[in-house]
Structure formats: structure tokens, C-alpha cells
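Let me begin by presenting the structure, written as C-alpha cells, before commenting on it.
The values are calculated or read from the model by the stated rules, or taken from the named source; none is laboratory data. The structure displayed is predicted, hence computed values, not measured ones. In this analysis, Cβ positions are derived from the backbone assuming ideal geometry, glycine residues included, and neighbour counts consider all displayed protein chains.
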Amino acid sequence: MTEKIFNEEICLKQYIDEKDYNELNELEAICTTTDRISLKLELFYKLNLSKSTEIGMSKINEFFYYSNDRLVSYLGISSYGANIAEINGMTHPKYRRKGLFLKLFQLAMEECRKRGFEKVLLLTDEKSAEGVAFINSTSAEYDFSEYRMRAEYNSSCYETEAINLRKATQSDAKEITGQNILYFNDSEVTEDNYSIDEHILNSTYMVELCGATIGKICIEYTNSTAYIFGFGILPDFRGKGYGRAALISAMKVCHQDNYDVMELDVACKNKNALNLYTSCGFEIQSVMNYYAAT
């Protein structure tokens, strides 16, 4: 779906393809280098999601603004459960203050209203003057902040742990769904009506202790970094060192797959998780602020 505006064009899509991915990476590099900030666009995840899902226009997630056939502004909608939408994007420094991103944002908010999201979150690096100014102009209210943390694998730091990680299969779908409900308040599904995206399933490991499932953890590989997410330990097994053992095991999996740089996100208020990640060598790289749209 496209709309021509003189020599400019707005393009709306459900998923990104290889061409989009390359153009978005180029634009992201320009924006992050110029502004010295981080963006949470999840491009590699989105590309793989498009490859594992039937393409259609029932839901619009990707909003592109082109000028003379060059991508100059982008906004994306992501939803990871609990009927919450996350909006993030960027505009080339030379094309700012022209209302381009505002047009994409208005289209995205209309799409969110059509889809009936209970909550819409707008994201920006706390150091991004442009991002903060735009969000303030929308009257969105601050909700919470999240750290992006990074670690480099160092075998001398990790002792052997009595935890096993097993690749998830379709037979684990109900267990994964139940844990998502427990950890992340994912109200979009129930244990009697569950569905796991193939790409997510392929990224998931079940955490086992003596053959019993006690949690799960996900690993996504980008071009140069392993991203750890969807991590949780069942309540009866918390406070016993199993979470740290599972994380260390996941880091070893990354190393075995030739990825020695690992990243993850954690809410700034989650002190227990922060202490766990710090104990495993993760350090804070940036802070992402979330604002609730009104």
C-alpha cells in the first residue's frame, strides 16, 4: 500500500523484506552515529518473522517515508504480548522538522486504534533530544525505563552448572504459553488456546533440572550479536541459583554458536534481575524510556 506525495512516497507494509532490512540498517547507522544513541527497532527479528509468516495486509506494522526513492523516515509497530503495542522509529537528520515522522506516527496510531491495543508505548533513548521532544509533543506520559545490557563471553568466569537447556519443540507450545502468561502477563492467549510463532519457537530453550522443566530462555542471533530474551524461572525454583545457572548455560550456547557478544534488556526497577545479569558480566550500555500514549 503506497501513497504518492509529489516526489515523495509513504509505504505501509505488514512485514519487512530483505530490501527493507538493508535500507533500514543503513538509516539506523546514520541516525545512531549522528545522535550517539541506541534504537530498539528489532530489525533482524522482524525480518525472520516475515519469513515464517504468511504475508498479508490484515495488520500494518511497518511505515516508510521515501523522498526521491530514498528511505528517510521509518516507524514500526511491535507487539510481544499482553495486547500492548510498542512504537519506535527514526528520521534521517537532514529530513527532520519537516513533519515526515509525524505523518507516519498519525497513521500508526490510527492502526493501533483499529487493532484495539489496550496500551500503546512510545520508545526513545533517554539521550535522544529529538526523540524526547517528539514524544513530549504527543502528550504521552512516562511509564518506565529499561536498560540495554551487554556482556562478552569469558570462559574463565563461568563455572559448570547443573542445568540443561533443551531446544523447544511444538510439544512445548502449551508450556511456553503458560510461562508467558505467568512471567509477562500475556493475556492474548490462554493455556487452552495457544499458538507459538515458528520463529520464536526455534529461538526458545526449555530450562531443565533433572529432566523437569523449570523455566525457559530465548536466544536470537543478529549479524554480530546474540540477544537473550523471554527468560523466566518458575516460582517454586527461584532463589536457588537456577536462574543464574540457566543464563550461564545460555551464554555458553551463544559461544558454541560463535557469538561471544550478548545483549539483553531489563526494566530498571527489576533489581533482582539486574543483580543476576551483573553477576554474569553484563554491563549497562544505554537506557530506553517508555511512554504511554494518551
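Things to note:
- Filter result (among the polar types (S, T, N, Q) and touching a helix residue (DSSP H, G or I) at 6+ places or on another chain (Cβ under 8 Å)) within segment 74-119: SER78, THR91
- If the condition is being among the polar types (S, T, N, Q) and within 19 Å of LEU41 (Cβ to Cβ), then segment 256-294 contributes GLN285, SER286, ASN289.
- Selection count where residues are over 12 Å from SER78 (Cβ atoms), surrounded by fewer than 21 Cβ atoms within 10 Å (Cβ to Cβ) and either touching a residue at least 60 places away in the same chain (Cβ under 8 Å) or among the small types (Gly, Ala, Ser) (or both), scope segment 103-135: 11
- Residue check for TYR183: closer than 25 Å to GLU263 by Cβ, surrounded by fewer than 18 Cβ atoms within 10 Å (Cβ to Cβ), at pLDDT below 95 and assigned by TED's automatic domain parsing to the domain that holds ALA245: yes
- The lone exception for GLU141 - which of (1) surrounded by fewer than 14 Cβ atoms within 10 Å (Cβ to Cβ); (2) closer than 24 Å to GLU220 by Cβ; (3) touching a strand residue (DSSP E or B) at 6+ places or on another chain (Cβ under 7 Å); (4) touching a residue at least 60 places away in the same chain (Cβ under 8 Å) it fails: (2)
- Applying the criterion of at least 3 residues that are over 19 Å from ALA162 (Cβ atoms) and over 15 Å from the mean Cα position of the chain (by Cα) to the helices (runs of 4 or more DSSP H) found wholly in segment 180-284 leaves 198-203, 271-279.
- The one condition in (1) hydrophobic (A, V, I, L, M, F, W, C); (2) buried (at least 18 other Cβ atoms within 10 Å of the Cβ); (3) in contact (Cβ under 8 Å) with a residue 40 or more places away in the chain; (4) within 29 Å of LEU39 (Cβ to Cβ) that LEU276 fails to fulfil: (3)
- Filter result for GLY232 (closer than 13 Å to GLY81 by Cβ, of a type in the set (Gly, Ala, Ser) and at pLDDT 90 or above): yes
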